[in-house]
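Working notes, beginning with the structure itself.
The values are calculated or read from the model by the stated rules, or taken from the named source; none is laboratory data. Quick caveat: nothing in here was measured; it's all calculated off a predicted structure. Positions of Cβ are backbone-derived with ideal geometry, glycine not excepted, and every protein chain shown enters the neighbour counts. Quick note on the areas: whole protein, heavy atoms, side chains included, nothing else; ligands and nucleic acids left out. Shrake-Rupley method; radii C 1.70, N 1.55, O 1.52, S 1.80 Å.
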Amino acid sequence: MRFVTVLALGLLTIAGVSIGLAQQRTDCRTHVPAVGPVLDARGLPFIRNFDPCSNRLTMTDNALNATGGPYISKAEAEQRAVGSATPTKLRSYFGDYAHIHALFGITTGSTEIYPEREVWLVVVQAADQGPRPSLKPAVQQWQRRWYYQVLDATRGRLFEEGGNGQDDPDWPAVLPAD
């Protein structure tokens with residue numbers, strides 16, 4: 001009798017867990033929970049902008065959108081990117097965030113920046129003066145020949161930076177060599 005009681009309690013527990021899981025599923029055709037109450041997911045820190053139907057993160061509530069100006073000047077963007085480096089070549093390009101990503105072959109975006117946001121891409125050729133690669137201690141670091149920074153054209157905030165890889169040429173292959 002005790003075995004039957006334990007077995008029955010175990011089955012009820014499993015059924016309860018299954019019902020609980022069913023209440024958390026989302027019907028993606030209507031984009032509302034199929035079973036159970038509608039929950040406000042904005043209070044959950046890890047899935048605040050997660051869309052279970054597309055299985056992707058969506059833009060956050062305060063994501064930066066296109067502004068239409070005013071913008072920081074080309075000279076100011078270049079000054080911020082160069083800093084204390086001594087450039088041998090310096091080029092700046094105005095565009096939107098998506099275009100700059102496509103130019104460098106970056107397929108991931110940011111949930112904080114809309115693709116239409118205006119940015120400055122500043123590329124600096126300055127031997128061994130750019131941002132360092134983040135490498136494990138056992139990996140041989142390479143000399144930085146050029147680096148780039150993507151700056152918000154409206155406020156001048158640094159969005160991204162990078163530079164040449166170990167086997168890259170002396171100038172980014174995706175940009176005109178002059």
- prompt: Of the residues that sit in the stretch 94-127 and are outside any loop (DSSP other than H, G, I, E, B) and either at positive phi or free of Cβ contacts under 8 Å to residues at least 40 places away in the same chain (or both), which one is most open to solvent (accessible area, probe 1.4 Å)?
  reply: His99
task: Output the qualifying pairs, or none if there are none: Cβ atoms under 9 angstrom, residues six or more apart or on different chains, first residue in the stretch 57-83 and closer than 30 Å to Gln125 by Cα, second residue part of a helix (DSSP H, G or I) and open to solvent by 60 Å² or more (accessible area, probe 1.4 Å).
output: Ile72/Arg80
query: So which residues in the stretch 140-169 are open to solvent by less than 10 Å² (accessible area, probe 1.4 Å) and closer than 11 Å to Leu121 by Cβ, if there are any at all?
result: Val150, Leu151, Ala153
query: Does the stretch 82-93 hold any residues that are of a type in the set (A, V, I, L, M, F, W, C) and either at pLDDT below 90 or in a helix (DSSP H, G or I) (or both), and which are they?
result: Val82, Ala85
query: Out of Gln129, Gln166, Gln125, which single residue is modelled with pLDDT of 90 or more and over 21 Å from Pro70 (Cβ atoms)?
result: Gln125
Restricting the stretch 144-167 to residues that are touching a strand residue (DSSP E or B) at 6+ places or on another chain (Cβ under 6 Å) and not in a strand (DSSP E or B), the residue that is farthest from Glu112 (Cα to Cα): Arg144
